[in-house]
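The values are calculated or read from the model by the stated rules, or taken from the named source; none is laboratory data. Just so it is clear, the model here is predicted, and its values are computed rather than measured. Quick reminder, even Gly has a Cβ in these numbers, built from the backbone with ideal geometry, and neighbours come from all protein chains shown.
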Amino acid sequence: MGHDISGYNKAGEEIAYARFSMGNYNAITLYSILEADKFYAGVSGSGGCSTFTIEQIEKALIIYKELYDNENSLSESDFLDWDQKQIRNFILNCLATAQKEECVKVYFG
């Protein structure tokens with residue numbers, strides 16, 4: 001069990017991916033940043049998907065920056081650093097696609 005969250009372009013190609021183990025609280029962070037808490041099903045995603053607009057992904061990036069850009073990893077583990085990067089890269093890849101195609105589809109597995 002775990003959280004496999006994927007972003008797709010209009011052609012159905014995977015453009016972003018984030019993976020969290022079932023006990024990793026950083027999964028909840030990504031759901032929250034995307035305002036997609038309804039897709040969080042505890043040990044994994046619900047299996048649902050949603051389409052996000054440019055504005056929604058831009059808002060997610062702002063929330064991410066508010067959470068992490070002021071942190072200097074004082075005593076953060078490499079694990080957390082990895083998850084922060086994973087979340088950032090997921091959002092940035094979704095944003096790049098949304099900017100080209102006006103939206104991006106995200107699957108929460």
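Data for the structure
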quantity: Given (1) farther than 20 Å from residue 109 by Cβ; (2) of a type in the set (S, T, N, Q); (3) modelled with pLDDT of 95 or more, number of the condition residue 70 does not satisfy; calculated: (3)
quantity: Residue ID - surrounded by the most Cβ atoms within 10 Å (Cβ to Cβ), chosen from residues in segment 26-48 that are more than 16 Å from residue 88 (Cα to Cα) and of a type in the set (Phe, Trp, Tyr); calculated: 39
